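The values are calculated or read from the model by the stated rules, or taken from the named source; none is laboratory data. This structure is a prediction, so every number in the text was calculated from the model and none was measured. Reconstructed Cβ throughout: ideal geometry from the backbone, glycine too, with neighbour counts over all protein chains shown. Ligands, DNA and RNA are stripped out before the accessible areas are found, and what is left, the full protein with its side chains, is counted by its heavy atoms. Shrake-Rupley method; radii C 1.70, N 1.55, O 1.52, S 1.80 Å.
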Amino acid sequence: MASFKKNDSLADFQKFNHRVYGAVDDRLYSTWDLLTQEQRFAMRALKGIRKADKDKIKKNLLVSFSFLMALANRFHIDVEAAVWRRFPFVCSYCGKRPCACKKNKSAGRKKITVQKTLQPKTLAGFQRMFEAIYPSKRRTLEHAGVHLAEEIGEVTEAAHNFMGQHKHSQFVAIENEVADYVSCVFGVANSAKIDFAAELAKLFRNNCHVCHEAPCRCSFAFVAKFKS
């Protein structure tokens, strides 16, 4: 049986995703299909924000995050490594913790010194890290949702650019946008007071959260109609 536990790492969840969904993703889903599903469930989470429905936010954010891992697996991107390179316990733009972008109005990205000893060991640790960098008390849930919506588009744009020309710089852009997307997922989770690791552990305690098989046996048509 495959499962994710609340004290597991971000890398552990990516490996769990590959074990449970890797075969069916490779067999049934194009890169564009994976992007569509990641977008679809993220937008349903944003709908939950608009309707003030925390359960809808939570369920769809979790599933969207899972599809993001599937997309990263398709491109062989190490999500935990990409997130840490982009956010080594400071804002990726101003290099501060907490972020001082609004106050300092930086003209460009700062060179960041990475302190390896600060890297979180668990997925929950990454959520706490992003709370320290981007305190939820400084913005509304709606504001966090807008940031996530921006990243939905930017991940898609980066993937389209790379698939069109296959340049290394475009692949790096996908890595960066995936990391930004993860930061925004945790931003929404923090603003909505969702313990993301604990909720992932509940949803993915027994293989696929729907059919409970590993590898997953859910059909393409079923997933296309599935609602969280």
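Quick notes on this one:
- The stretch 88-113: number of residues that are assigned to a loop (DSSP other than H, G, I, E, B) and open to solvent by 80 Å² or more (accessible area, probe 1.4 Å): 8
- One residue alone among Lys47, Lys58 is touching a residue at least 24 places away in the same chain (Cβ under 8 Å), open to solvent by 40 Å² or more (accessible area, probe 1.4 Å) and either assigned to a helix (DSSP H, G or I) or in contact with a Phe, Trp or Tyr (Cβ under 6 Å, 6 or more places away or on another chain) (or both), and that residue is Lys58.
- Boolean, Lys15 is within 21 Å of Ala197 (Cα to Cα) and free of Cβ contacts under 8 Å to residues at least 24 places away in the same chain: yes
- Positions within the stretch 2-20 being open to solvent by 20 Å² or more (accessible area, probe 1.4 Å) and either at pLDDT below 95 or more than 22 Å from Glu177 (Cα to Cα) (or both), in sequence order: Ser3, Lys5, Lys6, Asn7, Asp8, Arg19
- When the stretch 166-191 is filtered for residues that are open to solvent by 10 Å² or more (accessible area, probe 1.4 Å) and either within 21 Å of Lys6 (Cα to Cα) or without any contact (Cβ under 8 Å) to a residue 12 or more places away in the chain (or both), the ones remaining, listed by number, are His166, Lys167, His168, Ser169, Val172, Ser183, Cys184, Asn190, Ser191.
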